1. So, B:V680, is that one more than 22 Å from B:P647 (Cα to Cα) and surrounded by 18 or more Cβ atoms within 10 Å (Cβ to Cβ) or not?
2. Which pairs do you get when a residue that is over 19 Å from A:R258 (Cα atoms), found in region B:468-492, comes within reach of a residue that is among the hydroxyl-bearing types (S, T, Y) and surrounded by 14 or more Cβ atoms within 10 Å (Cβ to Cβ), reach meaning Cβ atoms under 7 angstrom, with the pair 6+ apart or on two chains?
3. Quick one: would you say B:D738 is part of a loop (DSSP other than H, G, I, E, B), outside the structural domain of B:T650 (by TED's automatic domain parsing) and modelled with pLDDT under 95?
4. Residues in region B:19-55 that are within 14 Å of chain A (Cβ to nearest Cβ) and among the polar types (S, T, N, Q): how many?
5. Whether any residue in region A:209-226 is part of a loop (DSSP other than H, G, I, E, B), at the interface with chain B (Cβ under 9 Å from one of its Cβ atoms) and buried (at least 24 other Cβ atoms within 10 Å of the Cβ) is what I want to check.
6. All but one of (1) buried (at least 17 other Cβ atoms within 10 Å of the Cβ); (2) within 34 Å of the chain's Cα centre (by Cα) hold for B:V395; which doesn't?
7. Would you please name the residue that is farthest from A:P331 (Cα to Cα), looking only at residues in region A:180-206 that are in contact (Cβ under 8 Å) with a residue 40 or more places away in the chain and out of contact with any Leu (no Cβ under 9 Å at 6 or more places or on another chain)?
8. May I ask you to list the residues in region A:118-153 that are in a strand (DSSP E or B) and within 16 Å of A:Q369 (Cβ to Cβ)?
Amino acid sequence: MTNAWPNGRAFDFIGGTPGSALISQLTDQLKALGEQLETALAAAHDLAALEELRVRFLGRSGQVTAVRRGIGNLPAGERPEAGKTINEAVSALERSLAEREAELQGRALAAQLDVAIDVTFPAPPARSGSLHPLRRATEDACAYFERRGFAVVLGDEIETEYYNFDALNIPPDHPAREGLDSFYFPNGLLLRTHTSPMQIRTMQAHPPPIAIVVPGKSYRRDSMDARHSPMFHQIEGLMVAAGIHMGHLKGMLTGMCRAVFGPAQAVRFRPSFFPFTEPSAEVDTTCPGCAGSGALGDGANCKTCSGAGWIEIGGAGMVHPDVLRESGYDPDAVSGWAFGVGIERIAMVRQEVDDIRVLFENDPRVLEQLA
Amino acid sequence: MKLPLAWLRDYVDLESSSEELAQRFAMLGFPVEEIGHRPKLSGIVAGRLVTVEKHPNAGRLSICTVDVGAAQLLTVVTAATNVAAGQHVPVATLGAKLVGLDIALRTMRGIESQGMLVSANEIGFEEDWFEDGILQLDAEIELGTDVVSHYRLGDDVFDLEVTANRVDAMSVIGLARELAAALGKPLGELDLSYDYRHGADETGSALVEIESSDCRRFVAQRFSKLTVRTSPFWMRVRLALAGQRPINNLVDVSNFVMLETGQPLHFYDYERLAGGRLIVRDGRAGETIATLDGEVRKIQPLDLVIADESQAQCLAGLRGARSSEVTESTHELLLEAASFVGARIRRMSVAHGLPTDASSRHEKTIPLALGEVGAARAAHLLQAEGALPYRPIVVGAALEAPPAIAVTAAQVQALLGMRVSDNEIEAALKGLGFGVAREGRGFVATAPLWRGDVKIREDLIEEIGRIAGYERIAPEQPAVFEHTISSKKYNDERRVAHAFAATGYREAATFSLQSAQPRERYQTAGVELPGGVLEISNPLSEDHRYLRFSLLPGLLGLVTRYPSEMPLRLFEIGHIFFENAETAGAMESAAFETAMAAWLLAIPKRDEPDWRDTGFIEFKSDSLAVLRTIAGRSAEAVSGTQRELHPGKTATLLLDGVDAATIGAVDPRLLAAYGSDARVYAGFLRLHDLPGYRVPRYRAPSRYPAIERDLALVVAPEIPAIDIERAVRAGADGVIGDVRVFDEYRGPQVEAGKKSVAVRILLQRGDATLTDTEADAYVAAILSSLAERCGARLRE
């Protein structure tokens, strides 16, 4: 029986030769195959070439198969040894192939690492939406109160004089009630001048204890300039329960300022006057522009706070007993605090907007920038 | 108000820097808006001119010898013309520092000048507020006295804010009292001493008659033997520092007393009052008054006037009349120290466009007790000017005893959340002028007469807190408690806002107050308004006269204002307003106000046939995605209508069959009125009707492979895609994984009066693998359903 090698050499490896000699011949043949494979592997530079070699040497009709077929001609006693020899040779051949494959794969991966692109090549803008800076400020502040168990309620912007003034202890002859400061309708309704009417509406609808914040629009007859707008946004806060004091007010406002401006914020109360709170305070917080130092790095006065180190964000105080009474609460049984802070102020300070009108112009470039 | 520290120091010792004092005032509730720094001055001493001679070499110069209390007289050359021997003047000695000027030895036309005589602008005062030339000091001053420290010319001036409830603190003494209490220092007393001519005022209480209850109290006092002249230098300095121009000793005393005590005064030339008496009454229509500022003003019944027997002599609390003005020739005057009802004075001030220093105090209602204080202080000062005071006469309300208020340290702590000791409470209240008595475990306090604002315990506790300092209040977290108040509206709004932002829309915040323009543009476009537009009675400007009736005008305004080649996606959430015609008249419901969300997509024009609007489809895709996020389930778009939107390009989005939103192409007439040539799509939803979010439920996706079949159908053009999809579902109920009309064609390739649509159907069983044979059967059933329901057939 002859075998035709792909390289054209032919030989007869049985033909009456003694068994041991046949084994030795077999070994030689296998050794030669191993050498051939090594040479071929060295010349194979990709995985496809390796696959070709695997088929040629180890495939179903490959060279090793041809050698294996010769076992049948061996004496039965020598066959196991020959089989073992062949199996060892196959393992060696497979190892060589696997090594070369691993080597080529490693090289291919290494080659992938060798390439580089221009990562600074501009990316087209992704389509993205955004919340208005005023809503972001509102949500950041309200989220803090929600975490502390407060409800967030909303109210109408058209109000009656009763809710906007009378119930809040603002007497009929108070300057704010004249047409100079408030927008009125012919029927005597008005645009609310603050979010405080919701204090009364909520208290009248719910018995104590109560803990709410009320974000919303308010209106005052201020001409539009860099710092004033006839329409603006406030967050009202109200907490009434037994044993509530001004320290709780400071604690909650400090928490809100930290939620909105950052963890280092402090809150300062300055005495003030509002008809619906007693005692009353102006609320200042550490200026985020200069971390309270009043000065910038170059020694110049901080622009945000004009060097004061504090910025004013609103007014607050302990709910006036008359207001509690008007809302059906007993001032001897419960006490409470209320505050009103300006959302524009918060948004402007933390996003370094120096003109309130920017917030209402809605220039898409600015909306994107502040998002 | 302007507070010169020079004046403040008359009543309280100051050791701190201006900045520290400003901080103190702020923490007392009087924020200092500006610290007016005075120029740095030194080396100015009081001198007396011994001789004044013409300079031999210069006609316009004088040579003065000056006694400055030193062994040697100084020789000083001056160009001033108001110098004369015997005058007491400020002398800048060698080395002195003046405004923009250092004094050195100087030879002027051959004569060595050993200093300079000083005029107003050289020490930082308005030149025309003082003598034209060299300043004239008070004759009592000791020669050689350092003028800068004597008159406190270098002390800063605060501009500080006083809250509306503290008219008593719109005064030097009021602010001094606050500061002294806070610093724990003694408060100097106002010198109110004078001698009056006992019983010499024969006119008695007939001198003043109050006809209007808006005059609460009137203190009147006559003075005779007046000499009108320049006020003493110390008084002029204080007035000038306070921003008040010195005029003459009478006017100056009036201003001085107002600034120092808070009680505005008015002086009448007594001899020019018809009948020699005053009547406080309502103005009469037809009356006029020529006020001191030279205006002739019409008097209205709103006005409260102080009149003599023939005419109005003063607009109460605002300004007096020329006809009884004190002049150089005034010999007798009648002082008014009154308290009016503040609101009336404020309305008068607004009506006449006449805010004055007096009205700024009167409109806050002067405490009754201040009248006597002001009058007495004026009497003291006028007597020093040589006048003879009569006995004051008081007409009107008697002083009310302030209420006694009990307070304990525990109550203070319960309200303020800070511990204040008994000793601190007592000291704070006494410092502010309260009567304080220990009673039981606490105190009973009585407010001083000028503190009508302190009525209840909370008021009193605020006083204690102010003096103790709010900085001592420690932040504390209150305990959380359960309550039943709903945050639904806010949560709804937030849900909607976040859904739009997540879908690529940018939130805008436009004005609720609008001009007439949106309404006019809607009218031009022929787009009906949903209701009467609400109009403000007292708008500030035409730009902000009306309330918005829709969110669309604001957003359209942005489209035209910021044109772009890129698609613009915007949304806004806010209230819209109408007149409520049905309930007009009923106070609470006369206006209709509702919270809306509106969103908009603007894209450049596209070239496509009339029956196709790809922009609409994109917008619908966005809108459905938003609703899916909001509601947790998918909406279905059906044909709809809505004013503001194109009648043939409007869809109602249904959630479980209920209207959730309306979307469509903006009415082209409206776009034209806005001058926009973009394609603009808008959607609206009412937050009030917002569908609740339903948490989506799990339905196991089929584990078996799907078979996809595309059908090309020919159908009448009016058959909407949704009908085709419904017919497909109906034809093979339960095995339709998905169905979608994905293409539409109209034109020559399809028979006339028909359109061609392409439908992709995904057939899938949930329980087994669908075979091709089964699929064919389903498709056949689908086709017959399509034929039956839509008149559709397969395209050849």
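1. no
2. B:I485/A:T202
3. Criteria not met by B:D738.
4. Final tally of qualifying residues: 1.
5. no
6. Here B:V395 meets the rest and fails (2).
7. A:L180
8. A:S130
The values are calculated or read from the model by the stated rules, or taken from the named source; none is laboratory data. Since this is a predicted model, take the numbers as computed values, not measurements. Cβ: placed from backbone, ideal geometry, glycine included. Neighbour counts: every protein chain shown.
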